[in-house]
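For reference, the structure discussed in these notes is given below.
The values are calculated or read from the model by the stated rules, or taken from the named source; none is laboratory data. For clarity, every value in this text was computed on a predicted model and none was experimentally measured. No Cβ is skipped: glycine too gets one built from the backbone with ideal geometry, and neighbour counts run over all protein chains shown. Side chains are part of the model used for accessible areas, which takes the heavy atoms of the whole protein and leaves out ligands, DNA and RNA. Shrake-Rupley method; radii C 1.70, N 1.55, O 1.52, S 1.80 Å.
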Amino acid sequence: MKLATLKDGTRDGKLVVVSKDLIRHCAADNIAPTLQAALDNWDEIAPMLEALYTRVENETVPCQTFDEREAHSPLPRAYQWADGSAYINHVELVRKARGAEVPESFYHDPLMYQGGSDGFLPPRADIPLKDTSWGCDMEGEIAVITDDVPMGVSSEKAVDHIKLVMLVNDVSLRGLIPGELAKGFGFFQSKPASAFSPVAVTPDELGDAWQGSVIHLPLMVDYNGEPFGRANAGVDATFSLADLIAHAAKTRSLGAGTIIGSGTVSNQGPDGDPGKPVREGGLGYSCIAEIRMIETIADGEPSTRFMVPGDTVRVEMRDAEGHSIFGTIEQKVVQA
């Protein structure tokens, strides 16, 4: 099934069920007022939402037109948002550009940071930027929402705790990251509010594209109206999303409504090289930092700038028939 949260003037919005083609929606607040409320009692609530989804699909219940511009992120705020590093190619590029090797441990012990989750941007909301020297970047990623996850869960059992899947634009301020990491205490100011896709879907909606707890489809990232990234999320994933859940739950349980991100989706080139931009026939990149790293490796310095007010980013994923699965994240950078 497909779920969304519509803006209604409250912090947590109103839960709705959305048709598979993203054209219609039906209010589900008589079943659960918010998505978080549904996740808190998922085993009981999910079958009722599934039944409503079937009625929406069969057009046997009154529906309204679904407008993605009226949608908030599926969880407008969450108890927890942690972002991992499933795609080591991204880490390799970033470190290579500054002459650093990737520690061997990174290939079996994923990176992860805990981001701010008290307020996410709606998928069509502007990205406020106060200072262009902060190096504003997009990061196209996959994310999952869990139910209650016990401490010490294995990757094999973590799969069962993935209840919903969505996309995310994990906004990063690259100019602030080095100074924060130099303190040895992680990200904070360099990770402002992220935005998630208008719709979150249950894994079964992905069909054969959902294998091994990753999505085997291209993530489409457009920058200023031009194709920028077409990396396949099912390729070059060192870790699955279930692996990242198990990593997060190693020493503590995870509450229902926890969001776990994949990190920037990133593919190698056909010969194991860094890959080429889309305009040169490659799969491109899901963030600006990667193309800047490749430019630095090749030319000694980057030539692609980070985002400034007026720039736009679009993130979407389509199924094998070309239909949008999650709706579209479409944002413009504005002066804060």
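This table checks each residue for (1) within 30 Å of L6 (Cα to Cα); (2) open to solvent by less than 40 Å² (accessible area, probe 1.4 Å).
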| position | (1), (2) |
| --- | --- |
| T60 | yes, no |
| R77 | yes, no |
| L93 | no, yes |
| L121 | yes, yes |
| C136 | yes, yes |
Inside the range 126-147, the number of residues satisfying the requirement of being farther than 22 Å from A233 by Cβ and either in contact with a Gly (Cβ under 6 Å, 6 or more places away or on another chain) or modelled with pLDDT under 95 (or both) is 3
Residue hits (the range 265-307; within 24 Å of T132 (Cα to Cα), buried (at least 22 other Cβ atoms within 10 Å of the Cβ) and of a type in the set (S, T, N, Q)) are S286
Need the failing condition index for P110 against (1) surrounded by 12 or more Cβ atoms within 10 Å (Cβ to Cβ); (2) modelled with pLDDT of 95 or more; (3) within 30 Å of T304 (Cβ to Cβ); (4) touching a strand residue (DSSP E or B) at 6+ places or on another chain (Cβ under 8 Å), just the number. (2)
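State the number of residues belonging to the range 175-185 that are open to solvent by 30 Å² or more (accessible area, probe 1.4 Å), part of a helix (DSSP H, G or I) and under 22 Å from E141 (Cα atoms). Let's see the steps before the verdict.
In the first step, residues of the range 175-185 are kept if they are open to solvent by 30 Å² or more (accessible area, probe 1.4 Å); the result is 175-176, 178-179, 181-185.
Imposing the further condition that a residue be part of a helix (DSSP H, G or I) reduces the set to 178-179, 181-182.
Restricting the remaining residues to those that are under 22 Å from E141 (Cα atoms) gives 178, 181.
Selection size over the range 175-185: 2.
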Just one listed residue, out of A32, A27, A71, A82, is aliphatic (A, V, I, L, M) and either in contact with a His (Cβ under 8 Å, 6 or more places away or on another chain) or open to solvent by 30 Å² or more (accessible area, probe 1.4 Å) (or both), and it is A27
Could you give every pair whose Cβ atoms fall below 9 Å, whose first residue belongs to the range 297-323 and is of a type in the set (G, A, S), and whose second residue is part of a strand (DSSP E or B) and open to solvent by less than 60 Å² (accessible area, probe 1.4 Å), counting only separations of at least 6 or pairs across chains? G310/V333; G310/V334
When every residue in the range 140-160 that is in contact with a strand residue (DSSP E or B) (Cβ under 6 Å, 6 or more places away or on another chain) and farther than 17 Å from A86 by Cβ is compared, the one least open to solvent (accessible area, probe 1.4 Å) is V149
By residue number, the members of the range 1-24 that are open to solvent by 10 Å² or more (accessible area, probe 1.4 Å), outside any loop (DSSP other than H, G, I, E, B) and out of contact with any Ser or Thr (no Cβ under 9 Å at 6 or more places or on another chain) are L6
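Go through the range 229-238 and give me each residue that's assigned to a strand (DSSP E or B) and buried (at least 24 other Cβ atoms within 10 Å of the Cβ).
First, pick out the residues of the range 229-238 that are assigned to a strand (DSSP E or B): 229, 232.
Selection gives G229 alone.
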Take the residues in the range 192-228 that are open to solvent by less than 30 Å² (accessible area, probe 1.4 Å) and assigned to a loop (DSSP other than H, G, I, E, B), then tell me which one is nearest to P309 (Cα to Cα). S194
Name the pairs whose Cβ atoms lie under 7 Å apart, with the first residue in the range 22-47 and under 13 Å from A200 (Cβ atoms) and modelled with pLDDT of 95 or more, the second among the β-branched types (V, I, T) and surrounded by fewer than 20 Cβ atoms within 10 Å (Cβ to Cβ), and 6 or more positions between them or separate chains? A38/I45
Look through L181, L173 and report the one residue that is under 22 Å from G119 (Cβ atoms), of a type in the set (A, V, I, L, M), in contact with a Phe, Trp or Tyr (Cβ under 8 Å, 6 or more places away or on another chain) and free of Cβ contacts under 8 Å to residues at least 40 places away in the same chain. L173
If the requirement is being among the charged types (D, E, K, R) and not in a loop (DSSP other than H, G, I, E, B), which of these qualifies: D29, D43? D43
Out of (1) open to solvent by 20 Å² or more (accessible area, probe 1.4 Å); (2) in contact (Cβ under 8 Å) with a residue 12 or more places away in the chain; (3) hydroxyl-bearing (S, T, Y); (4) closer than 19 Å to T202 by Cβ, what's the single condition that is false for T54? (2)
